[in-house]
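The values are calculated or read from the model by the stated rules, or taken from the named source; none is laboratory data. Here the structure is a predicted model, which is why all the values come from computation and not from measurement. For neighbour counting, all protein chains shown are included, and Cβ atoms are generated from backbone atoms with ideal geometry for every residue, glycine included.
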Amino acid sequence: MNIHEYQAKAVLREFGVAVPRGLPAFNVEEAETAARSLGGPVWVVKAQIHAGGRGKAGGVKVVKSIDDVKKESQRLLGSTLVTHQTGPKGKQVNRLYVEEGSAIDKEFYLSALVDRGTSRVSFVVSTEGGMDIEKVAHDTPDRIVTFSVDPATGAMPHHGRRVAQTLGLSGELAKQAETLVAKLYRAFVDKDMSLLEVNPLVVTKTGELICLDAKIGFDDNALYRHPDIVALRDLTEEDDKEVEASKFDLSYVALDGSIGCMVNGAGLAMATMDIIKLYGEEPANFLDVGGGASKEKVTAAFKIITSDPNVKGILINIFGGIMKCDIIAEGVIAAVKEVGLPVPLVVRLEGTNVELGKKIISESGLNVTSADDLDDAAQKIVKAVRGD
Ligand code: GDP
Ligand code: MN
């Protein structure tokens, strides 16, 4: 789960991390009130969307009067921001963050993430802040330093010194780097983050090391123990179909293709997507209904798939192990009766109670094509969406 910059900064503030003062605003009036209470003389109006690259797209404006705070707020609220991270459709700006302006001397990059290679939390540090870190990694990889933290010791002073050395900081600033690394690590572990990215981390002209931007992602599997974090979820930032799927505990990812897939098991779902591509079409989604799906879950999954206007055909590919084929068949029929069947449907069932499952489908009177194996199923659905 991701959160907005202003929420991320509030989380970091709880851990004593230095961030600029700021207030969120949902309309121009609130932005003006925020600006007045912050005092100025310089403010930064920042669009709050779950994507980076806002600066280059005009979503971050440094202004010097309340009038300009209002003007920029007016311009940004309700507008669609297209950045290199949003995709061509962009994201609508519904919230702003009004911050006190900072006088920047230097901009750095600092992030922490779960490194699956070392099974530890790793820090990534670079003097090349404020810009696209992927580009730095590609063009000048020697300017990126990475180290991991032993979970038995946690962040140690030498980690902080490593960061200070990498960033060329000494004296008072090196000390600030040391405490910053300890606090960020603490926040990362305590809140079960999966990513914490500060880009830029800046040195101000008055000699302070502060986090000017913050992006945080949390481990979904640990959210049950962080109700305060769950409360920060902004559903308008998420795909409607994915939100609906999460209510039924379905693993669903929306994609751009034309064939909707309903599969049990992540491996089988991947194989199904692969074979659709092999026969020249693209999957409209990844969907794993899970091992022990109920009729309700199958119905919900079917509704989510058919609600996608890009879906021109549906392929159901189920291996009944724990899950029984007749339950799937009943779920599919219940769903079709409720939402109709606007596109061709191919069903491939295999495993426990497969005969019963096939019988239920063939006796339902619905226009369903049944398939014998995965290859057959993929060819049939591709043929059906192409109308030949
Ligand atoms: P992003 O483009 O979505 O990553 O948004 P950021 O929060 O990183 O802001 C983009 C850029 O705006 C930063 O790299 C800074 O150069 C600039 N910026 C943000 N806040 C301030 C500020 O308070 N003062 C100044 N001078 N520049 C700022
Ligand atoms: Mn940034």
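Output the residues belonging to segment 14-32 that are out of contact with any helix residue (DSSP H, G or I) (no Cβ under 7 Å at 6 or more places or on another chain) and surrounded by fewer than 16 Cβ atoms within 10 Å (Cβ to Cβ). It would help to see each step written out before you state the result.
Taking segment 14-32 first, the residues out of contact with any helix residue (DSSP H, G or I) (no Cβ under 7 Å at 6 or more places or on another chain) are 14, 18, 20, 26-27, 29-30.
The answer is Glu14, Phe26, Asn27, Glu29.
Quick check on my filter: what residues within segment 19-54 are of a type outside the set (Val, Ile, Thr), under 28 Å from Glu134 (Cα atoms) and in contact (Cβ under 8 Å) with a residue 40 or more places away in the chain?
At the first step, the residues of segment 19-54 found to be of a type outside the set (Val, Ile, Thr) are 20-27, 29-32, 34-41, 43, 46-48, 50-54.
Adding the requirement that they be under 28 Å from Glu134 (Cα atoms) leaves 20, 46-48, 50-54.
Residues satisfying the conditions are Pro20, Lys46, Ala47, Gln48, His50, Ala51, Gly52, Gly53.
If you go through segment 268-309 one residue at a time, how many are over 16 Å from Ser251 (Cα atoms) and buried (at least 23 other Cβ atoms within 10 Å of the Cβ)? Going through segment 268-309 one residue at a time, the tally reaches 1. The residue of segment 1-55 that is farthest from Asp213 (Cα to Cα), among those that are of a type in the set (Val, Ile, Thr) and not in a helix (DSSP H, G or I), is Val42. When the residues of segment 34-71 are filtered to those that are at positive phi and more than 8 Å from ligand 1 (Cβ to nearest atom), the one that is modelled with the lowest pLDDT is Gly40.
Taking the condition under 19 Å from Leu201 (Cβ atoms), more than 16 Å from ligand 1 (Cβ to nearest atom), in a strand (DSSP E or B) and not acidic (Asp, Glu), does Phe188 pass? The answer is no for Phe188. Just one of the numbered conditions (1) touching a residue at least 24 places away in the same chain (Cβ under 8 Å); (2) under 24 Å from Ala245 (Cβ atoms); (3) assigned to a loop (DSSP other than H, G, I, E, B) is not true of Gly357: (3).
Each row is one residue, and each column tells you yes or no for (1) within 16 Å of ligand 1 (Cβ to nearest atom); (2) within 30 Å of Val11 (Cβ to Cβ); (3) part of a helix (DSSP H, G or I).
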| site | (1), (2), (3) |
| --- | --- |
| Ile216 | yes, yes, no |
| Leu232 | no, yes, no |
| Glu244 | no, yes, yes |
| Gly267 | no, no, yes |
| Leu287 | no, no, no |
| Phe302 | no, no, yes |
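In segment 138-152, the residues that are more than 27 Å from Ala182 (Cβ to Cβ) reach residues that are in a loop (DSSP other than H, G, I, E, B) and modelled with pLDDT of 90 or more with C-beta atoms within less than 8 angstrom, at least six apart or across chains, in these pairs: Thr140/Glu128.
Is it the case that segment 87-110 has a residue that's acidic (Asp, Glu), more than 16 Å from ligand 2 (Cβ to nearest atom) and within 15 Å of Tyr6 (Cα to Cα)? Yes, that holds for at least one residue. If you filter segment 87-137 down to residues that are more than 24 Å from Val181 (Cα to Cα) and of a type in the set (A, V, I, L, M), you find that the one that is surrounded by the fewest Cβ atoms within 10 Å (Cβ to Cβ) is Val93. In the set Ala222, Ala254, Ala284, Ala245, only one residue is more than 23 Å from Thr86 (Cα to Cα) and of a type in the set (A, V, I, L, M, F, W, C); that residue is Ala222.
Output the residues belonging to segment 94-143 that are hydrophobic (A, V, I, L, M, F, W, C), part of a strand (DSSP E or B) and either closer than 28 Å to Glu208 by Cβ or assigned by TED's automatic domain parsing to the domain that holds Lys56 (or both). Show your work before the answer.
Initially, segment 94-143 is screened for residues hydrophobic (A, V, I, L, M, F, W, C), giving 96, 98, 103-104, 108, 110, 112-114, 121, 123-125, 131, 133, 136-137.
Imposing the further condition that a residue be part of a strand (DSSP E or B) reduces the set to 96, 98, 104, 108, 110, 112-114, 121, 123-125.
Leu96, Val98, Ile104, Phe108, Leu110, Ala112, Leu113, Val121, Phe123, Val124, Val125, listed by residue number.
Scanning segment 154-184 for residues that are surrounded by fewer than 17 Cβ atoms within 10 Å (Cβ to Cβ), under 30 Å from the mean Cα position of the chain (by Cα) and of a type in the set (Ser, Thr, Tyr) yields a single hit, Thr179. A count restricted to segment 257-305 and to residues that are more than 23 Å from Gly351 (Cβ to Cβ) and at pLDDT below 90 stands at 1. When Val62 is tested against (1) surrounded by 17 or more Cβ atoms within 10 Å (Cβ to Cβ); (2) hydrophobic (A, V, I, L, M, F, W, C); (3) in a strand (DSSP E or B), only condition (1) is not met. Residue under question is Ala57, and the condition is that it be among the small types (Gly, Ala, Ser), closer than 27 Å to Thr204 by Cβ, surrounded by 17 or more Cβ atoms within 10 Å (Cβ to Cβ) and free of Cβ contacts under 8 Å to residues at least 40 places away in the same chain; does it hold? In short, yes. For segment 289-300, filtering for residues that are part of a loop (DSSP other than H, G, I, E, B) and of a type outside the set (Ser, Thr, Tyr) leaves 5. The C-beta contact set for segment 360-388 (first residue acidic (Asp, Glu), second residue surrounded by 15 or more Cβ atoms within 10 Å (Cβ to Cβ), distance under 8 angstrom, 6+ apart or interchain) comprises Asp372/Arg348; Asp373/Arg348; Asp373/Glu350; Asp375/Ile275; Asp376/Arg348.
From Asn285, Asn317, Asn264, grab the single residue that is among the polar types (S, T, N, Q), closer than 24 Å to Gln379 by Cα and in contact with a Ser or Thr (Cβ under 9 Å, 6 or more places away or on another chain). Step through it out loud before you land on a result.
Details: Asn285 fails: in contact with a Ser or Thr (Cβ under 9 Å, 6 or more places away or on another chain); Asn264 fails: in contact with a Ser or Thr (Cβ under 9 Å, 6 or more places away or on another chain).
Asn317 is the lone residue from the list that is among the polar types (S, T, N, Q), closer than 24 Å to Gln379 by Cα and in contact with a Ser or Thr (Cβ under 9 Å, 6 or more places away or on another chain).
Would a scan of segment 195-211 turn up a residue that is within 16 Å of ligand 1 (Cβ to nearest atom) and assigned to a helix (DSSP H, G or I)? For segment 195-211, residues within 16 Å of ligand 1 (Cβ to nearest atom) and assigned to a helix (DSSP H, G or I): absent.
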